[in-house]
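Everything below concerns the one structure shown next.
Taken together, the values in this text are just the output of simple stated rules run on the coordinates, not laboratory data. Computed from a predicted model, the values in this text were never measured in an experiment. No Cβ is skipped: glycine too gets one built from the backbone with ideal geometry, and neighbour counts run over all protein chains shown.
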Amino acid sequence: MSDPGSLAVAAILLVPLAAAALLAALPDDRTTAWLNVAASFIAFCAALALLATRPAPGHFLIVDDLNIVFIVLTTFVAFTTSVFSRSYIGHELETERLTPMYLRFYHAMYQTLMFAMNLALLANNLGLMWVAVELATLTTVLMVGIYRTEAALEAAWKYFLLGSVGIALALFGTILVYLAARAVVGEGLDAMAWSVLVRKAAGFDPALLNLAFLFLLLGYGTKVGLVPVHAWLPDAHAEGPTPISAVLSGLLLNVALFALLRFKLIIAGNPHVLAPGPMMVTMGLISVLFAGFMLYRRRDIKRMFAYSSIEHMGIITLAFGLGGPLASFAGLLHMAMHSLTKSAIFFGVGYISQLEGTQRTADIRGLTHSQPLLGWLLVLGVVAIVGLPPFGIFTSEFLLVTSTFARSPWLAIVLVAGLLIAFSALLLRLHGLAFGDTERRHLLPAWRLAPMTLHLLLVAAAGVYLPAPVVAWFRHVASQLG
């Protein structure tokens, strides 16, 4: 554990774990928020260190070209969300929506969630990855129900039940992969190590792998929020604290998709199994269309953007299901842009719901007049998330549509129709939210909007110019996924 890469991995895992234990033991005061921010920043710095040095893979942990993309993105958004969370949760304490005890509980659970997601991304052992995803699920269940209202507890219970079904299906799929590999790899840790399985997948039993991926797609697809196993996601976003909505949309959905990609690479390594791509394309496209139509009916601003997350996870799943260098590149870019943009939107939505005292879209009007900076940032966030230039999501969607049209024009037409439906619905809602008449005026300190501004600047910069090293990095990972 003396080389820099191993130390960085240790920091990514142990700092959040130690911070969670310390936060749970500290007195109930505002210092817990700063400790939460500090721990998140240290984990992000450690993730950046992995760009320069990586440890050798072991039976339990691995750093490779695929997961390092997710690790850097996850720790960055976790850090900026912790900064937003400090002022947001402080306001909840002042208005007595949360007690000091729940404030301490919230920050401890936040770091526990960071540990679980980082562990899932770094895990080489498929069983350990499953445990980490389950820990992340249980942690978010507790955080969704933190307000202890009837609606919050119902949302947490619904999330727990559906999440438990999903994780059980994923466990069964993982066991089937182990059984398929055992005849070739033998028993023991090697039969659960992804780095071993992906090299020897060609000799595995194809019948077991076919059945395994079906369970894995439904199981981890529940965590991704794909239709028809998505029902927990809108309720969890609407009733939980807004920072958790940002983490769910921006990070946890990606972690579940990452787990699915790990298995897709194993399945794709066997020439005798059914291609996993068409199943992913089907669920992704259904999610895009369903979420687009549902956006027209949303009356809760957080629930509305939750359905937007379902749409975009469908786009990303479709991209990875299509495969190939261009579609996989578009999927990776879209995943990064969605994480940054959607978390920024939820930062804004959190402040808006606090200032306006409601989450109902009908009661929120004229934000560009009542809260000019916050209102215009929300406008930019929605413009970015619907895929208008010059933002990065336009680039990723353009690449995906181009790749899809070259391979299947009819599929591309359906995809574009879904994108246009969601585009129209969000812009329709945005008009009243941002430009309606209002007599109220609230001025939020500009420094509180720094995380939201930073995310949108990065998304805008990515739409204008992607540095050559980033393009080369994404191309390399996309070639592996393809």
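For the range 337-378, what is the convex hull volume of the alpha-carbon atoms per residue, in Å³?
66
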Span from the the range 83-97 Cα centroid across to the the range 299-340 one, whole angstrom: 30
- prompt: By its C-alpha gyration tensor, with a ≥ b ≥ c as the square roots of the eigenvalues, how is the range 215-256 shaped: rounded for a/c under 1.5, else prolate for a/b larger than b/c, else oblate?
  reply: oblate
field: Label-point gap, in nm, between A406 and L48 - each point 7 angstrom along Cα→Cβ
entry: 3.5
message: Just to be sure I follow: if Rg is taken over the C-alpha atoms of the chain and Rh is the Kirkwood radius over the same atoms, what is Rg/Rh?
response: 0.95
query: Are any of the pairs K264/K342; K158/K302; K200/K223; K158/K342; K223/K302 more than 20 Å apart by Cα-Cα distance, and if so, which?
result: K264/K342; K200/K223; K158/K342
query: Helix 277-294 versus the longest principal axis of the chain: what is the Cα-based angle in degrees, 0 to 90, to the nearest 10?
result: 10
query: How large is ³J(HN,Hα) for each residue in the range 115-127, as worked out from phi by the Karplus curve 6.51 cos²θ - 1.76 cosθ + 1.60 (θ = phi - 60°), to whole Hz, x for Gly and Pro?
result: 4, 5, 5, 5, 5, 4, 6, 8, 5, 8, 7, 5, x
message: Show log10 I(q)/I(0) for the range 212-338 at q = 0.18 Å⁻¹, two decimals, from a solvent-free Debye sum over equal Cα scatterers.
response: -0.90
- line: Spelling it out for D300: with amide H atoms placed in the peptide plane at 1.01 Å from N, the residues 5 or more places away or on another chain with amide H under 5 Å from its amide H are T361
task: Return the loop-located GluC sites (Glu not before Pro) in the range 70-100 (DSSP other than H, G, I, E, B) with at most 13 other Cβ atoms within 10 Å of their own Cβ; answer none if there are none.
output: E96
Chain lengthening between A10 and V470 when straightened (0.36 nm per residue, less Cα-Cα): 163.1 nm
- request: Quick one: dipole size for the range 23-115, taken about the Cα centre, charges +1 on Lys/Arg Cβ and -1 on Asp/Glu Cβ, in debye to the nearest 20.
  value: 100
field: Residues with amide H under 5 Å from that of V227, placed H, sequence gap 5 or more
entry: S287
query: Taking θ as phi - 60°, what are the ³J(HN,Hα) couplings along the range 215-221 by the Karplus curve (6.51, -1.76, 1.60), each to the nearest whole Hz, with x for Gly and Pro?
result: 5, 5, 5, 6, x, 6, x
query: Once phi is turned into ³J(HN,Hα) by the Karplus curve 6.51 cos²θ - 1.76 cosθ + 1.60 with θ = phi - 60°, what whole-Hz value does each residue of the range 265-274 show in order, with x for glycine and proline?
result: 5, 5, 4, 5, x, 10, x, 9, 8, 5
- line: In units of 2.2 N^0.38 Å, the Cα radius of gyration of the range 1-147 is 1.06
task: Just check the range 50-91 against the gyration tensor rule for me: Cα atoms, a ≥ b ≥ c as the square roots of the eigenvalues, rounded for a/c under 1.5, and otherwise prolate or oblate depending on whether a/b exceeds b/c.
output: prolate
task: Decide, for the range 125-180, between rounded, prolate and oblate: order the square roots of the alpha carbon gyration tensor eigenvalues as a ≥ b ≥ c, take rounded if a/c falls under 1.5, and otherwise choose prolate if a/b is larger than b/c, else oblate.
output: oblate
